[in-house]
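Trainee: Handing you this structure, nothing more for now.
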Amino acid sequence: MRREHNGQLFPPVFTPHAHRQQNLIDRALTRGECLSTMDNVQPDWSTLDPEALRQQRAELVASLPSLQEVMHGSLIPRYTRCGKPNCHCATGQGHGPHWYLSSLGPNGRRHLDYIPGPWADLVRQRVDNHHRLQRTLAAVAEINRELVRRRLPG
């Protein structure tokens, strides 16, 4: 099943952990976060002519975020309960959100860093930039692979 986005047709995407990704998307949507699932879909590069491939690659490279504005990890909201029986958190949503940056530490283990509330938007933007950087680099690599497959220079 092909998807259409902004007038372009995209092939179906299979990942071995697609069900996990869908669960993350569903949870984010229930929290009111806005996600574009089309960001993970790559076009069928084999249908484009070589000049269009080179033009698309140049546009992708120009859209790369500044490397100084990139942060690896995930920004996670946490809600806590204070334990008071008459508090709103006893029956509803807890106190928060309290923001944490989840990332891999130097020993390869998951590490949580507390992010003060005013910094959450900045950290979220930098984490989003990292994800955008990864998607863009993957697309550029696919275009380069397609050009090599066609035995075309540059």
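Trainee: Probe radius 1.4 Å, ligands and nucleic acids left out: which of Cys87, Cys82 has the largest accessible area, and how do the rest follow? Write out the running numbers ahead of the final one.
Mentor: On the way: Cys87 30, Cys82 65 Å².
Output order, biggest surface exposure first: Cys82, Cys87.
Trainee: Right, another one. Considering only protein heavy atoms, what is the solvent-accessible area of Glu59 at a probe of 1.4 Å, reported in Å² to the nearest 10?
Mentor: Result for Glu59: roughly 100 Å² accessible.
Trainee: How big is the gap, in Å, between the Cα center of segment 59-107 and the Cα center of segment 123-139?
Mentor: Between the Cα centres of segment 59-107 and segment 123-139 lies a distance of 16 Å.
Trainee: Under a crude label model (7 Å from the Cα following the beta-carbon direction), how far is Glu59 from Leu152 in nanometres?
Mentor: 1.5
Trainee: What number comes out for accessible area per residue over segment 54-154 if the probe is 1.4 Å? Units Å², please. Don't jump to the answer; show the numbers that get you there.
Mentor: Working: 6900 Å² over 101 residues.
Spelled out: the 1.4 Å probe surface of segment 54-154, per residue, equals 68 Å².
The values are calculated or read from the model by the stated rules, or taken from the named source; none is laboratory data. What you see is a predicted model, and the numbers here were worked out from it, not measured in a lab. Cβ sites come from the backbone with ideal geometry, for glycine too, and all protein chains shown count toward neighbours. In case anyone asks, the SASA skips ligands and DNA or RNA and just uses the protein heavy atoms, side chains included. Shrake-Rupley method; radii C 1.70, N 1.55, O 1.52, S 1.80 Å.
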